[in-house]
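Notes for the one structure printed next.
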Amino acid sequence: MDIRSGTAKSGELDIFYEDMGDPDDPAVLLIMGLGAQLVFWRTGFCERLINQGLRVIRYDNRDVGLSSKVEGGHTGAKLLPRMARSQLGLRNPAVYTLENMADDAAALLDHLQIEKAHVVGASMGGMIAQIFAARYQQRTKTLAIVFSSNNQAMLPPPGPKQLRAVTTRPKDTSREGVIANTVAVSKIIGSPGYPVPEEQMRAQAVESYDRSYYPAGVARQFSAILGSGSLLRYDKQITAPTVVIHGRADKLMRPSGGRAVAKAIRRSRLVLFDGMAHDLPEPLWDDIVGELKTTFAEVP
């Protein structure tokens, strides 16, 4: 498969992307989540979309992968008070926000001269996608939100074990220590109904580490989530046909988050998968692509 790659300018930042499929086919923009590089949209998953006659663009959000890293830490505010404010749907100080990251997505489409795209976001990427679909209505053909939330007030919080797994740096920061920790985190947040062989998880962890390991960027992205507050105001502005996909076994981003998104967005439908948690299990790829295709078909 031919993969075209490059960087798009978003202000002073370079946003690294990969572009696959026929450039004349309808475009699908894939937005990944907290600390997750574009490779988390697995090539095999992308190929299934391409086989449906779609052009697929995946990219590294700012502060991860091969995209620009942003200077500066967070504001110095303690984590627990910020999380408490976020639980109430309130905004927090942050170096940048999810709104800025949605603007990165728009800049990428500008660079590729794509007027409209089907927008698919996973986890934090689903939050970015909600903001994008509200602020760039004319550029959003359809919207898909995968294991995400709108962070509205008083939603059930993440499971403590799962939250610690994704927000705590490993004690052993050597290459092997970080890779081992990544495998451990994958086991904690992954789908219990679709376990991944450990050697496969390790290979993916090695790929991510060797491509880019930058924990400071992950911390800033988490601050962006806490800094953006409830997205309910954006959901009420979304006009694109929307599908919300979530796993019933997800304890990091609980199904209540997906239900809240689906309830808030008009013309949306909710699809729940048994045994699925906070990843995209390969045995479900055909089912997930089928749900995406159904939504994509609502707009020529």
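The values are calculated or read from the model by the stated rules, or taken from the named source; none is laboratory data. Everything numeric here is computed off the predicted structure, so don't read it as measured data. A quick note on method: Cβ atoms are made from the backbone with ideal geometry, for glycine too, and the neighbour counts reach across all protein chains shown. Ligands, DNA and RNA are stripped out before the accessible areas are found, and what is left, the full protein with its side chains, is counted by its heavy atoms. Shrake-Rupley method; radii C 1.70, N 1.55, O 1.52, S 1.80 Å.
Given 116/293; 9/236; 9/116; 187/293; 69/263, which pairs have Cα atoms separated by over 24 Å?
Beyond 24 Å between Cα atoms: 9/236; 187/293; 69/263.
Aspartates and glutamates near residue 251 by alpha-carbon distance under 15 Å, same-chain residues fewer than 8 away left out - which ones?
Within the straight-line cut-off, residue 251 pairs with 274, 279.
What part of the accessible area of segment 101-213, given as a whole %, is carbon or sulfur when the probe is 1.4 angstrom?
Here it works out to 51 percent.
Would you kindly calculate the translational diffusion coefficient of segment 145-258, applying Stokes-Einstein with the Kirkwood radius from alpha carbon pairs, for 37 °C and a viscosity of 0.692 mPa s, and quote it in µm² s⁻¹ without decimals?
After rounding, the answer is 206 µm²/s.
Relative contact order, percent, of the chain when contacts are C-alpha pairs under 8 Å separated by at least 6 residues?
It comes to 22 percent, rounded to a whole number.
Residue 273's amide H: which non-local residues (gap 5+, or another chain) put their own amide H closer than 5 Å, with H modeled 1.01 Å from N in plane and none for Pro or chain starts?
Amide H to amide H, under 5 Å and 5 or more residues apart or across chains, residue 273 pairs with 246, 247, 248.
If you add up the charges near residue 9, with Lys and Arg at +1 and Asp and Glu at -1, over every other residue whose beta carbon is less than 13 angstrom from its beta carbon, what do you get?
Charge balance near residue 9 sits at -4.
Report relative contact order for segment 229-295 in percent, whole number only (criteria: Cα-Cα under 8 Å, sequence separation at least 6).
Details: 88 pairs, mean separation 25.4, N = 67.
About 38 percent, as a whole number.
Express the relative contact order of segment 144-300 as a whole percentage, based on alpha carbon pairs under 8 Å and six or more residues apart in sequence.
Reported as a whole number, the value is 36 percent.
Two decimals is fine: what's Rg over Rh for segment 211-300, C-alpha atoms, Kirkwood radius as Rh? Walk me through the numbers on the way to the answer.
Details: Rg = 15.2 Å, Rh = 15.0 Å.
Reported Rg/Rh, Kirkwood definition of Rh: 1.01.
Just the number please: accessible area per residue for the chain, 1.4 Å probe, all protein chains included, in Å².
Per residue, the chain has an accessible area of 43 Å².
If amide hydrogens are placed 1.01 Å from N in the peptide plane, which non-local residues have theirs closer than 5 Å to the one on residue 6?
17
Could you tell me the ratio Rg/Rh of the chain? Both radii from Cα atoms, Rh via Kirkwood.
Result: Rg/Rh = 0.93.
Output wanted: per-residue J couplings in Hz (rounded whole) for segment 265-281, from phi through Karplus 6.51 cos²θ - 1.76 cosθ + 1.60, θ = phi - 60°, x for Gly and Pro.
3J(HN,Hα) across segment 265-281, in whole Hz: 9, 5, 6, 10, 9, 10, 10, 10, 10, 5, x, 9, 10, 9, 7, 10, x.
Among DSSP bridges having both ends in the chain, what percentage is antiparallel? Round to the nearest 5.
Taking every DSSP beta bridge with both residues in the chain, the antiparallel ones total about 35 percent.
Computing the accessible area with a 1.4 Å probe over protein heavy atoms, can you report the carbon and sulfur percentage for segment 23-65? Let's see the in-between values first.
On the way: 480 of 1170 Å².
Looking at segment 23-65 in its full context, I get 41 percent from C and S.
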